[in-house]
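For reference, the structure discussed in these notes is given below.
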Amino acid sequence: MADAKREIERKYESDDSGLPDLTGVGGVADVLDKGLVELDATYYDTADERLAAAALTLRRRTGGSDAGWHLKFPVAPGVRDEIRAPLSDTVPDEIAALVRSRVRCAELIPLVRLRSARDVRHLVDADGALLAEASVDSVTAERLTGKGGSAQWTEIEVELADDGDPAFLDRVEKRLRKAGVRPSKAPSKLARALEQTGGRRPGSGRRAKPVTAGDHVLAYVREQREAILGYDPGVRRDVPDSVHQMRVATRRMRSTFRSFGTVLDRAIADPVAAELKWLAGELGVGRDQEVLAERLLTVLDGIPPALVSGPVHQRLTTWASAKHGSARSHLIGILDSARYLALLDTLDALLADPPLKKKAAGKPEKVIAEAVRKDLAKVTRLVTDALDQSPGEQRDLAIHEARKKAKRTRYAAEAATPALGGPAGSLAKSMKSLTSLLGEHQDSVMARQTLRELSAVAHAAGESAFTYGLLYGREETAAAAVETELPGLWEEITAGAAV
């Protein structure tokens, strides 16, 4: 099984003068010499370096205390999540799955070999507790593809101990700078090796600043494509909120295709949008269940024990766990499916050769603003219709439709913000407030439906349905509160909406 570790480290250029004395820095009471370690790592990637392009590193390393397979995901500058698996001759299945959205059907091949002679020091406090590991690495890089090539350099690396305070690294860096040591220009050894052996150069592939309406729309689509790919490994690892964020990215992209039909040819984009809708639906199976389970258990915890009749908490917990397990198994199958991987290929092809229409060359201030105003007009009609309905099923449906269009308008405003500035940003925030309120109403509708189902199961098992009825009543009250609040919020939004 693969293990995960948060790695916080900083790399520095070295002129072979070694590591300066760090005693006394940030509580360092002693610097322990841990000797020399020989490390031998082979980095894998596709022939066109897809992992490197996404700042991912996959290596098989021998030597040291953590020999095995390591897959690193960037989190922030100097921060990466490292997934580890035991040493084997081939890429472990659990590791390969985490890069499948990037690699797809391409082969992972040995790309670079790095051999490092690591002179290790442990920085410890007065109690002997580890604060960080500092090392001086003498590195030899060898390109394993193409015409080959090699490079050598020495660098200093400081890695924070588990659960350490990142501010400690700031104090260490201050001492290093005083000694003439400077941060490395390359974010990783692999990035430096690729650059110096004729591979990918850091910063290559940067796109020009958006100018036309088409530029802005495509920039937003690329952002969502990258989000889908970026959250895929988190979904596979069951990282909290990853399913939700991946689903949101699919919705944003799909909404963009529909909102900006004058920019992107919908004859080409609509079939892609249909596949995105399919993916969002599959992602929603688990996500919607998570939301409902959390909501119902939270409300139940707020009810006085005397009003809880029967094993309600146990039944809700069992229901939620069973649904989560089955939904997760199904979702992993979806992410491994040919249909999903084909969708990713289609997105790549669309962005490589975008189906731009004539208006794509137009000024964003006109073309994009027009599309956002059109979406806002649709939301206005739907909210007005919902407010005109009497409380009940028809109003519930009308509010749900308004919520869906408000989301679309929010995403269109987000895409428009780089081009239109403040007004679009304000509209996006307003639509977010509206969708949050209407989402509370829809959650109440779904919660009541679930409570009716669970109540029937409890009744058939000879249990009291009293508490389910009590929860149902509270959900009705929550929905009524939304309906009371909606007119005022909508009046506030319409008074300030201007794009």
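Of note:
- Flag for Pro391 being modelled with pLDDT under 95 and open to solvent by 20 Å² or more (accessible area, probe 1.4 Å): yes
- Against the list (1) within 19 Å of Arg410 (Cα to Cα); (2) over 18 Å from the mean Cα position of the chain (by Cα), the condition Met253 fails is (2).
- Listed conditions (1) exposed (fewer than 15 other Cβ atoms within 10 Å of the Cβ); (2) modelled with pLDDT of 95 or more; (3) touching a strand residue (DSSP E or B) at 6+ places or on another chain (Cβ under 7 Å) are all met by Val75, apart from (2).
- Restricting the first member to the range 453-468 and to residues that are in the same structural domain as Leu296 (by the TED database), and the second to residues that are of a type in the set (Val, Ile, Thr), the beta-carbon pairs closer than 6 Å and six or more apart or on different chains are Thr467/Val308; Thr467/Val312.
- Options Tyr472, Tyr411: the member that is part of a helix (DSSP H, G or I), open to solvent by 50 Å² or more (accessible area, probe 1.4 Å) and at pLDDT 95 or above: Tyr472
- Members of the range 27-66 that are open to solvent by 30 Å² or more (accessible area, probe 1.4 Å) and among the small types (Gly, Ala, Ser): Gly27, Ala29, Ala47, Ala53, Ala55, Gly64, Ser65
- Enumeration of residues in the range 231-244 that are free of Cβ contacts under 8 Å to residues at least 60 places away in the same chain and either under 25 Å from Ala352 (Cβ atoms) or not polar (S, T, N, Q) (or both): Tyr231, Gly234, Val239, Pro240, Asp241, His244
- Of all residues in the range 353-372, exactly one satisfies the criterion of being free of Cβ contacts under 8 Å to residues at least 24 places away in the same chain and either open to solvent by less than 90 Å² (accessible area, probe 1.4 Å) or outside any helix (DSSP H, G or I) (or both), namely Asp353.
- The range 1-25: number of residues that are at pLDDT 90 or above, within 38 Å of the chain's Cα centre (by Cα) and open to solvent by less than 60 Å² (accessible area, probe 1.4 Å): 10
- Pick from the range 176-191, criterion out of contact with any strand residue (DSSP E or B) (no Cβ under 7 Å at 6 or more places or on another chain) and farther than 28 Å from His70 by Cα, ranking: surrounded by the most Cβ atoms within 10 Å (Cβ to Cβ): Ala179
This table checks each residue for (1) surrounded by fewer than 19 Cβ atoms within 10 Å (Cβ to Cβ); (2) not polar (S, T, N, Q).
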residue	(1), (2)
Arg104	yes, yes
Ala126	yes, yes
Asp137	no, yes
Gln152	yes, no
Asp162	yes, yes
Lys174	yes, yes
Ala193	no, yes
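- Filter pass, Val99 being under 28 Å from Lys185 (Cβ atoms), within 16 Å of the chain's Cα centre (by Cα) and open to solvent by 20 Å² or more (accessible area, probe 1.4 Å): no
- Taken together, the residues in the range 36-61 that are assigned to a strand (DSSP E or B) and among the small types (Gly, Ala, Ser) amount to 1.
The values are calculated or read from the model by the stated rules, or taken from the named source; none is laboratory data. Since the structure is predicted, the reported quantities are computational estimates derived from the model, not experimental observations. All Cβ positions, even for glycine, are placed from backbone atoms using ideal geometry, and neighbour counts span all protein chains on display. Remember, those area values only see protein heavy atoms, side chains included, never the ligands or the DNA or RNA. Shrake-Rupley method; radii C 1.70, N 1.55, O 1.52, S 1.80 Å.
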